[in-house]
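Beneath this line is the structure, given in structure tokens, with notes to follow.
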Amino acid sequence: MRLDKLLANMGVGSRKEVKALLKAKKVTLNGEIIKDSSVKVNPDTDSVRVDGEPVIYQKYIYVMLHKPQGVVSATTDAKDKTVIDLLSEQDRHFQPFPVGRLDKDTEGLLLITNDGDLAHQLTSPNKEVPKVYRANVQGELPADVIQQFAEGVTLDDGYLTKPAKLEVLTAEEEPGVSEVQIEITEGKFHQVKRMFEAVHCKVTYLKRYQMGGLTLDSQLPRGAYRPLTEEEITACFHLTNKEI
């Protein structure tokens, strides 16, 4: 990889700014001052420093975000703030994107990465990656609702969902409102909301806590994010049979 490309990719500066750093003799490669931006480097073995500080090459970014309500799961949006807008400029430099989506009014766990292959694997219907949500549901739940969800329910467009695991956590804590936990293995448009609509109930609050081997960090405030740990990254790759 060209030296200027590596430095630009790591957010050191634009190509023009990188050339200025090289000209000012602030960049070293394996201890030697380099002024030629086209010099080839091996990111895995060569030591690159700027002003004496090491530049560690990183190809992929893996981030856990506690998505708040009111932001959209997209890279850009003409009207609303996106989940990418919540990242720092340095992290946005990697051109990451959300893996799957959460509705604008849904909060909780969202994985953000620039690893397209991993994202595809995690969202592939064939992988049946489990996703766990908690919801407040308004209306009287049918007595056999757990069995109905376990067998799959028919949505408004005639689609029969795959079996889902439903647990009623608190029945009618508020008048006519139940707190439930639901695990699904697919991600149709507004699926959780539409599943409850199929049994004549309405979701008034929805939050995702888990996706595959990832569980939302209870110490992570809404709107905040952090890099995945090595164990969490391994768990993601384990689901897809992809090597790290």
Within the accessible area of region 1-107 (1.4 Å probe), percent carbon and sulfur: 45 percent
Additional length obtainable on full extension of the chain from Tyr57 to Asn126, 0.36 nm per residue less Cα span: 21.5 nm
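So, counting K/R as plus one and D/E as minus one, what does the shell of residues with Cβ under 14 Å around Leu220 add up to?
+2
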Lysines with Cα under 18 Å of Lys5, excluding same-chain neighbours fewer than 8 positions away: Lys16, Lys19, Lys23, Lys25, Lys26, Lys35, Lys40, Lys59
Exposed-site-free run, longest, the chain (rule: trypsin sites (Lys or Arg not before Pro); DSSP loop; at most 10 other C-beta within 10 Å): 80-244
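Can you give me the % of accessible surface on region 179-238 that is carbon or sulfur? Probe 1.4 Å, all protein chains present, nothing else counted.
With neighbouring chains kept in place, the figure for region 179-238 is 52 percent.
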Solvent-accessible heavy-atom area per residue, rounded to whole Å², over the chain at 1.4 Å: 55 Å²
Region 23-119: GluC sites (Glu not before Pro) in DSSP coil with no more than 15 other Cβ atoms inside 10 Å: none
Simple spin-label estimate for Thr28 and Ser88 in nanometres, 7 Å along Cα-Cβ: 2.5 nm
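Per DSSP H run of n ≥ 4, the term is -39500 (n - 2.57); total these for the chain, divide by its residue number, and report the mean residue ellipticity at 222 nm rounded to 500 deg cm²/dmol.
Only helices count here, giving -5500 deg cm²/dmol.
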Span from the region 202-228 Cα centroid across to the region 1-67 one, whole angstrom: 34 Å
Estimated distance in nm for a label pair at Glu183 and Ser14, the labels positioned 7 Å out from Cα along Cα-to-Cβ: 5.1 nm
Gain in span if fully extended, Ala224 to Ala143, counting 0.36 nm per residue against the direct Cα distance: 25.3 nm
Residue-count net charge about Leu7 - beta-carbon cut-off 10 Å; Lys, Arg +1, Asp, Glu -1: +2
Reachable aspartates and glutamates from Lys131, criterion Cα separation under 18 angstrom, eight or more residues apart if same chain: Asp103, Asp105, Glu107, Glu151, Glu167, Glu179, Glu183, Glu186, Asp217, Glu232
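The values are calculated or read from the model by the stated rules, or taken from the named source; none is laboratory data. Keep in mind it's a predicted model, so treat the numbers as computed, not measured. No Cβ is skipped: glycine too gets one built from the backbone with ideal geometry, and neighbour counts run over all protein chains shown. Protein only, heavy atoms only, side chains kept; ligands, DNA and RNA dropped before computing areas. Shrake-Rupley method; radii C 1.70, N 1.55, O 1.52, S 1.80 Å.
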